[in-house]
Amino acid sequence: MNLETENSMSSRNSNITQPKRTAELEELLIDAEADDEEVQQRHPVLRRPWLLLLGLILVALNLRPALSSMAPMLSEVSKTLGLSAAQAGLLTTLPVLCLGLFAPLAPLLARRFGAERVVLGILLMLAGGIILRSSFGEIGLFAGSVLGGASIGVIGVLLPGIVKRDFPKQAGTMTGVYTMALCLGAAMAAGATVPLSEHFDNSWALGLGFWVVPALVAAVFWLPQVGQKHGAHNVAYRVRGLLRDPLAWQVTLYMGLQSSLAYIVFGWLPSILIGRGLTPTQAGLVLSGSVIVQLASSLAAPWLATRGKDQRLAIVVVMLLTLGGLFGCLYAPIEGLWGWAILLGLGQGGAFSLALTLIVLRSRDAHVAANLSSMAQGFGYTLASMGPFAVGIVHDWTGGWTALGWIFGVIGLGAIVAGLGAGRSLYVQVVSEKV
């Protein structure tokens with residue numbers, strides 16, 4: 001057994017000189033499959049990179065519609081099936097919870113079957129979940145939501161690794177393309193699901209079920225990647241001490257709390273706006289517009305944050321923008337709603353991309369980053385799932401939406417506190433062993 005041990009001491013952390021910013025941002029693409037750098041170096045030149053790029057974009061487009069398509073239809077689905085607000089909250093919670101619970105399976109599946117085969121299989125599972133969610137009444141609705149969340153959790157871990165392995169010199173550019181495709185898919189589903197439902201004779205099931213089409217299209221265009229040859233990945237890395245490191249938990253808490261606000265928006269913002277007098281179509285368009293704005297801030301925030309000595313100021317700014325947008329959507333006069341939605345999108349796009357950036361900036365190498373990513377997403381998304389459920393409980397208790405400001409405030413303040421710790425220019429203190 002060959003051991004390469006790295007000890008990060010707190011006395012050294014205070015005067016760390018971080019790697020070049022461009023390299024740090026490229027390391028955002030944490031490879032869940034390729035733990036051996038030699039394997040990546042031996043990887044052959046792609047014969048048809050454009051086909052892989054197209055496949056990646058189409059797969060990324062499908063990582064949010066199963067989540068964002070439900071939000072504008074939630075009131076109609078609840079009314080038709082007789083769901084309480086608590087049950088509706090559980091419906092928005094389950095997919096997010098599954099993101100955290102199933103994400104750790106991705107590296108294991110990739111090593112066993114290969115990342116390309118796993119992505120194809122999970123895409124088909126996602127399609128099955130969308131069909132199941134639109135069939136078999138209440139049981140199918142909840143079972144399909146679990147299947148969809150689990151699928152997104154696995155694919156979301158694998159795709160960035162494929163990008164890093166096959167586009168190592170364009171990693172930064174591909175990160176932007178990947179993020180934009182993800183946000184675009186969320187916006188499309190949020191804005192188009194209600195009109196689709198109306199087109200299909202006001203059938204919420206067909207409106208939600210429509211999103212099986214892009215999932216199957218992505219699977220077809222991904223098929224050529226399954227036959228690609230990649231080196232075997234026989235070298236494993238073990239990172240010890242991460243769960244005992246305060247900085248790692250601060251990164252995890254920031255990831256989880258900002259994600260909690262994001263999934264509250266995905267799950268409940270249209271219902272809140274409908275309660276304020278908007279039609280379901282209008283509410284879906286507002287959510288869609290807010291998500292589209294995230295395209296700009298998700299690209300700009302990490303770039304701006306890495307220009308300073310640390311990321312604390314950037315975290316405070318994006319969280320204040322997020323809270324301002326949420327409170328505006330909840331309490332401000334409805335005439336200014338679009339302005340608050342844009343503010344919300346700017347904040348949440350920046351908050352999410354900073355959460356990913358922190359994973360890399362707080363790690364000395366890609367192997368530590370991979371483990372920190374697993375911790376931050378596994379525990380973080382599990383924590384995030386509690387937010388939508390809490391909104392449903394509070395709405396059930398109060399019969400309205402005005403009390404939600406307390407939930408927004410507590411979660412947002414917690415994210416700022418965790419972010420002030422996670423944003424310091426330090427590394428997590430771990431022991432990394434090559435086995």
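All of the numbers you see were taken from the coordinates with simple rules; none came from a lab. Because the structure is a prediction, the values reported are computed rather than measured. Counting neighbours? That spans all protein chains shown, and the Cβs are built from the backbone with ideal geometry, glycine included.
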Stokes-Einstein D for the range 253-355, Kirkwood Rh over Cα pairs, 4 °C, 1.567 mPa s (µm²/s): 95 µm²/s
Backbone HN-Hα couplings from phi across the range 383-400 [Karplus 6.51/-1.76/1.60, Hz, Gly and Pro as x]: 5, 4, 5, 6, x, x, 5, 4, 4, x, 5, 5, 5, 4, 5, 9, x, x
Whole-Å distance, taken between Cα centres, linking the range 317-377 and the range 87-101: 19 Å
Relative packing of peptides 154-160, 66-72 - highest average C-beta neighbours within 10 Å first: 66-72, 154-160
Linear extension gain, residue 307 paired with residue 200, 0.36 nm per residue minus alpha-carbon span: 33.5 nm
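Once the other residues with Cβ under 11 Å from the Cβ of residue 420 are scored (Lys, Arg +1; Asp, Glu -1), what is the net sum?
On the way: positive: 312, 424; negative: 310.
In short, +1.
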Alpha carbon Rg of the range 10-434, scaled by the compact-globule rule 2.2 N^0.38 Å: 0.94
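Only counting other Cβ atoms within 10 Å, I'd like 381, 427, 254 sorted with the fewest neighbours first.
Least to most surrounded, the residues fall as 427, 381, 254.
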Relative contact order [Cα under 8 Å, 6+ residues apart], the range 10-434, whole percent: 27 percent
Derived scalar couplings ³J(HN,Hα) [the range 149-158; Karplus, 6.51 cos²θ - 1.76 cosθ + 1.60; whole Hz; x for Gly, Pro]: x, 4, 5, 5, x, 6, 4, x, 7, 7
Fewest-first sequence of 201, 365, 166 by Cβ atoms within 10 Å of each Cβ: 201, 365, 166
Added length on full extension, which subtracts the Cα-Cα distance from 0.36 nm per residue, residue 51 to residue 434: 134.4 nm
Global form of the range 335-417, assessed from the alpha-carbon gyration tensor, a/c cut-off 1.5: oblate
Simple spin-label estimate for residue 221 and residue 117 in nanometres, 7 Å along Cα-Cβ: 2.5 nm
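Sorted by average packing, counted as other Cβ atoms within 10 angstrom per residue and highest first, what order do 271-279, 205-213, 93-101 take? It would help to have the intermediate numbers written out before the result.
Values: 271-279: 17.6, 205-213: 20.3, 93-101: 24.4.
So the order, starting with the most tightly packed, is 93-101, 205-213, 271-279.
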